[in-house]
Amino acid sequence: MDGSSRVAALTAGAVTLAAVGLVAWARRSRVSVRAKLVNDVALPLSGMKRRARDAQGLRREIARHRRIEPARPTLWQRRERSVRTDLLDGAEVITVSPRGGSSDITILYLHGGAWVFDVLGPHWRIVDALIARTGARVILPRYPLAPESTWRQTYAFLEELLGSIGAEARDRLIVAGDSAGGCLSLGIAQRLRARGEPLPAGLLLFSPALDLTFSDPGVAAIAPRDPMLAVPGCREAARLWAGGTPLTDPRISPLFGSLEGLPPTAIVTGTRDILHPDALRLSDGLARAGREVALYRYPGQCHVFVGAPIPEATRALDEAGAFIRRQVSASDARRQRPVYPEAAAASFRRSNAVA
C-alpha cells in the first residue's frame, strides 16, 4: 500500500470511528444525531453565544443585524403559499396563508430575537410548519424593537394589531411566539384579561422568555451547557427593551404577573436552554391557578430548537399543531353549545332585573 492509500485508509477509519462515536454519544444523551450536530458542533462554530455574550457584544450584534435583517419568506413559500404584506403604523405585517383558502384558524405569530432582533430565517420555517399542520393563516408582525423602542411601543402596536383582527374572531385565534415572542404572547394575554376583553383560544409558547431578571438558580446551572444564549447578553437585551422599567415589573417579566383566567397554554421547552427553568415555573403556576396547560419538555434540546431541521423539532411541531386544532375545536364547541329554555329564561331575568 502506497502512502496516499494509507492516508485515505486512515482518514476513512477516522471518519467511521467519529460517526460511530457520534451515534453512541447521541443515544446516551437521548437526542438525535442531527440534534447533537446542531447543539454541539454547528452552534458553537457559529459563534452566536460568543458574539452576544455581554452588553458590548450585544450592541455590536444589533448593529450587524440591522444591516442584514429582516429575513423574508423563502422563494418556495412565495410559490406554495399566499404571502401578503400590509403596513400598520409604518411597520410591516406579513400574512402567510395556504393557497386555495385557509382553515379559518388564525395564528398571530410573534417572532423571537431578544426584543432587539428582527425576523430570522428559522421563524419562517416555524410559520410554514404550523400552516402545514393546521391549514391556518399566520399573521407575523415586525413589531417595534429595542433599543429604538421599548415595551410601551411594542405592546401599543400589538394591541392595535389585535384590534384590527377583531374581538369576535378571537375564539379561532391562537397567539404563538418563540423566546421574546413567547414573552409578548403571555404578556398580551394578561393585558387582554385585565381589561376584560375576549381572549384567544390558546397560547403556544416556544422556549418563552418569562423572567427577564434571569435570576432563577436553574438558569446559572444550565448556562454553561446552553450552546446559544449567554445570561449577561440576554439581561442587557431585556434592559434595553425595559427602557428604565424594573425587570421585575410584570409588564416586563410576565411570569411575575397574574396567571388567573388565562386561556389554555402549550409550552415547548428544551433542557439545554437557560429559559427552561422559567418554562417549568410557568407550567406550575398555571396549574396552581387552575388553568389548562400542556408542557412539552425535550431533553438535550437548545433554545427554540423547533426552528432547526431535526427530528425533535418535527415531533414538537406535530404536538403544537395538535394543540392548535384541539383548542380551536373546543372553542367552536363552546360557541355552538345549545342554550336550554330554562337557562335562557334565567339569563333573560338576570339581564332585565331592576338594580
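So for the range 108-125 (the condition being charged (D, E, K, R), over 18 Å from the mean Cα position of the chain (by Cα) and assigned to a helix (DSSP H, G or I)), does at least one residue qualify? So far as the range 108-125 goes, no, none of its residues is charged (D, E, K, R), over 18 Å from the mean Cα position of the chain (by Cα) and assigned to a helix (DSSP H, G or I).
Among the residues that make up the range 292-305, is at least one of them in contact with a helix residue (DSSP H, G or I) (Cβ under 9 Å, 6 or more places away or on another chain), at pLDDT below 95 and open to solvent by less than 40 Å² (accessible area, probe 1.4 Å)? No, that holds for no residue.
Residues satisfying the criterion are present in the range 142-159 (criterion: among the charged types (D, E, K, R), in a helix (DSSP H, G or I) and under 24 Å from GLY233 (Cα atoms)).
The residue that is farthest from VAL96 (Cα to Cα), among those in the range 64-81 that are more than 21 Å from the chain's Cα centre (by Cα) and either open to solvent by less than 50 Å² (accessible area, probe 1.4 Å) or aromatic (Phe, Trp, Tyr) (or both), is TRP76.
Scanning the range 273-289 for any residue that is in contact with a Lys or Arg (Cβ under 8 Å, 6 or more places away or on another chain), touching a residue at least 60 places away in the same chain (Cβ under 8 Å) and in a loop (DSSP other than H, G, I, E, B) turns up nothing.
The test for being closer than 24 Å to ALA333 by Cβ, touching a helix residue (DSSP H, G or I) at 6+ places or on another chain (Cβ under 6 Å) and among the small types (Gly, Ala, Ser) holds for ALA201. Annotation note: of LEU259, LEU247, the sole residue that is open to solvent by 30 Å² or more (accessible area, probe 1.4 Å), part of a loop (DSSP other than H, G, I, E, B), of a type outside the set (Lys, Arg) and within 27 Å of GLY196 (Cα to Cα) is LEU247. Has the range 312-330 got at least one residue that is open to solvent by 20 Å² or more (accessible area, probe 1.4 Å) and modelled with pLDDT under 95? Checked the range 312-330: at least one residue is open to solvent by 20 Å² or more (accessible area, probe 1.4 Å) and modelled with pLDDT under 95. When the range 222-241 is filtered for residues that are open to solvent by 10 Å² or more (accessible area, probe 1.4 Å) and either modelled with pLDDT under 95 or in a helix (DSSP H, G or I) (or both), the ones remaining, listed by number, are ILE222, ALA223, PRO224, ARG225, VAL231, PRO232, CYS234, ARG235, GLU236, ARG239, LEU240. Could you tell me whether ASP171 is among the acidic types (Asp, Glu), closer than 21 Å to PRO263 by Cα and surrounded by 22 or more Cβ atoms within 10 Å (Cβ to Cβ)? Criteria not met by ASP171. Within the range 185-221, the set of residues being of a type outside the set (A, V, I, L, M), more than 18 Å from GLY166 (Cβ to Cβ) and not in a strand (DSSP E or B) comprises SER185, GLY187, GLN190, SER207, PRO208, ASP211, THR213, PHE214, SER215, ASP216, PRO217, GLY218. Within the range 163-182, the set of residues being in a helix (DSSP H, G or I) and out of contact with any helix residue (DSSP H, G or I) (no Cβ under 6 Å at 6 or more places or on another chain) comprises GLY163, SER164, ILE165, ALA167, GLU168, ALA169, ARG170, ALA180, GLY181, GLY182.
The values are calculated or read from the model by the stated rules, or taken from the named source; none is laboratory data. It should be emphasised that the depicted structure is a prediction, and the values quoted were computed from it without experimental measurement. Reconstructed Cβ throughout: ideal geometry from the backbone, glycine too, with neighbour counts over all protein chains shown. Remember, those area values only see protein heavy atoms, side chains included, never the ligands or the DNA or RNA. Shrake-Rupley method; radii C 1.70, N 1.55, O 1.52, S 1.80 Å.
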